[in-house]
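Derivation of every value follows stated rules applied to the coordinates shown; laboratory data play no part. Being a predicted model, the structure only gives us computed values, none of them experimental. We place every Cβ from the backbone using ideal geometry, glycine too, and count neighbours over all the protein chains shown.
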Amino acid sequence: MARKDIKMKVKCAWEGVKRQEMRNIMEFAKGYRKFLSIAKTEREAIAEIKKIAEEKGFLPREKVKKVRKGSKIYWINREKCMALAVIGGNVMDGLNIVAAHVDSPRLDLKQKPVYEDKDACVALFKTHYYGGIKKYQWVNIPLAIHGRIIRKDGSVLDIVVGESDDDPVFTITDLLPHLARETQNKRTLPEGVKGEELNVLIGHVPSDDEDEKERVKTRILELLNEKYGIVEEDFVSAEIEVVPAGKARDVGFDKSMIGGYGQDDRICAYTSAMAIMDVKNPIRTCVVFLFDKEEIGSESNTSAQSSFIEDVIADIIDMSVGGGDYLTLRRVFTKSAAISADVNAAVNPNYKDVHELMNAAKIGHGIVITKFTGRGGKYSANDAHAEYVGKIRKLFNDHGIAWQVGELGKVDIGGGGTVAKYLARYNMDIIDCGPSLISMHSPFEITSKVDLYHSYLAYRTFLEKFK
Ligand code: MN
Ligand code: MN
């Protein structure tokens with residue numbers, strides 16, 4: 001064997017990209033950037049993917065009676081999680097599954113959010129953060145609010161404020177450096193901005209009524225009532241998410257990267273959804289799951305730990321061969337193979353110390369195969385078996401997928417989890433594969449367009465050809 005074939009190659013995925021492929025990469029990134037700019041909540045992501053799926057011939061479960069080879073179906077659970085399936089070979093031979101998540105770290109409004117600070121003459125929203133954020137990253141940036149309110153009479157109101165050019169934005173005010181020296185600057189970084197300091201500035205004009213105690217708050221509530229027909233109590237039955245305002249952008253002179261909020265894990269949600277929509281003649285029946293609540297431990301009925309996955313697979317069995325009883329379902333699960341489509345951390349040039357560089361992912365080096373997740377000592381990990389890693393590696397090699405390996409930080413530094421371990425409970429093979437991000441969980445996460453494209457290719461190849 002030639003010496004060059006003995007050593008493992010580490011290759012930048014941009015190298016040797018031909019003109020046509022370059023066009024494909026840039027074109028695919030445009031669609032993704034648009035999606036990322038619109039889909040800033042789990043509901044918006046599901047709505048957007050539903051729209052694209054319908055354009056591509058997917059039918060909602062309710063409209064499907066019987067399925068045959070090539071049937072395209074989707075399921076939506078509470079508008080926050082979704083499954084898309086393309087019927088291929090006999091379901092009893094097992095399924096090819098890709099699972100991503102559509103929720104991202106953010107700030108949620110509290111149920112009684114509106115208050116007035118008399119000393120500062122302003123009105124604000126109280127928030128409770130969702131998922132793992134570095135709180136100091138959320139101050140002094142333009143913020144938008146996206147969400148749903150169920151009014152007193154039960155009517156539904158969806159609102160988005162802060163995204164169009166005419167809209168106002170909101171913000172969380174940080175302390176000026178002059179006054180931080182003896183106070184905030186003495187705090188540790190995680191305490192630099194505290195949870196109860198994440199209050200969103202929403203106005204400051206007092207109402208006309210001089211007898212009112214809280215005139216600024218009253219004026220805000222009046223405005224909200226005029227514009228949306230809501231009253232203060234309506235916030236109790238609302239899910240309003242505060243997210244970074246503005247569109248996702250190209251990053252760099254070479255426009256090789258995308259910067260934007262929510263790429264963990266909407267980059268995998270988008271690429272896996274696009275992959276299943278483009279699948280042709282899959283060998284096995286394939287399913288993409290888009291879960292909610294991953295960022296808070298996959299709890300609740302729209303998460304990867306809910307019965308949604310069992311309900312959908314049992315439904316597929318029932319529609320294709322009839323039945324879908326407990327034993328049949330378990331047999332199908334056991335024969336199935338899955339990819340947990342989630343992101344990994346790319347080497348950050350400013351903080352290389354946290355990585356063991358030989359095993360760390362780098363942007364632009366393809367989709368990351370993450371054999372194990374978890375933390376120090378592989379606790380709470382899904383650790384894919386060598387046999388399965390071997391199959392995935394061969395599949396990617398055989399189909400020209402740019403891939404690399406990755407580990408989430410040095411041993412005993414940090415770590416992280418994905419939905420992989422929850423799907424592994426069904427005794428199916430599963431491994432984490434997804435692009436790497438710089439500045440993960442920040443308001444402006446960075447990905448490489450070549451990784452984006454190869455993630456799409458990887459998921460599509462897996463869904464279509466894995467057996
Ligand atoms: Mn994730
Ligand atoms: Mn995450």
Ranked packing of 404-415, 427-438, 176-187, most packed first, by mean Cβ within 10 Å: 427-438, 404-415, 176-187
Cβ charges +1 (Lys, Arg) and -1 (Asp, Glu), total dipole of region 30-159, debye: 440
Peptide ranges 150-162, 78-90 listed from the most packed, as the mean C-beta count within 10 angstrom indicates: 78-90, 150-162
Which listed pairs, of K34/K335; K80/K421; K69/K391; K9/K72, have C-alpha distances above 27 Å, in listed order: K34/K335; K9/K72
Value of [θ]222 nm, deg cm²/dmol, for the chain, DSSP H segments ≥ 4, -39500 (n - 2.57) each, nearest 500: -8500 deg cm²/dmol
Kirkwood-Stokes translational diffusion coefficient of region 277-325, alpha-carbon pairs, 10 °C, 1.306 mPa s, µm²/s: 128
Rounded to whole Hz, the Karplus (6.51, -1.76, 1.60) HN-Hα couplings of region 158-171, x for glycine and proline: 9, 10, 9, 10, x, 9, 8, 4, 7, 6, x, 10, 10, 7
5 angstrom amide H check on T285, placed H, neighbours 5+ away: G88, G89, N96
11 Å beta-carbon shell around A13, net charge (K/R +1, D/E -1): 0
Options I46, N24, M1, ranked by Cα towards positive dipole end of region 1-50, top entry (Cβ charges): M1
Antiparallel bridges, percent of DSSP beta bridges restricted to the chain (to nearest 5): 70
Dipole of the chain [Lys/Arg +1, Asp/Glu -1 at C-beta], most positive-end residue of H178, I431, A120: I431
Sequence ranges 195-203, 339-347, ranked by mean other-Cβ count within 10 angstrom, highest first: 339-347, 195-203
Alpha-carbon centroids, region 395-442 and region 161-238: separation in whole Å: 38
Which of N90, G323, I145, positive extreme of dipole for the chain (C-beta unit charges): N90
Estimated dipole of the chain in Debye, rounded to 20 [Cβ of Lys and Arg +1, of Asp and Glu -1, Cα centre]: 2760
Given charges at beta-carbon only (K, R positive; D, E negative), |dipole| of region 106-244 in Debye: 800
Alpha carbon centroid spacing (whole Å) that separates region 354-390 from region 118-156: 35
Sites excluded, chymotrypsin sites (Phe, Trp or Tyr not before Pro) in DSSP loops with at most 14 other C-beta within 10 Å, longest stretch of the chain: 1-252
Where only alpha carbons of the chain are counted, the Rg and the Dmax (Å): 23.6, 89
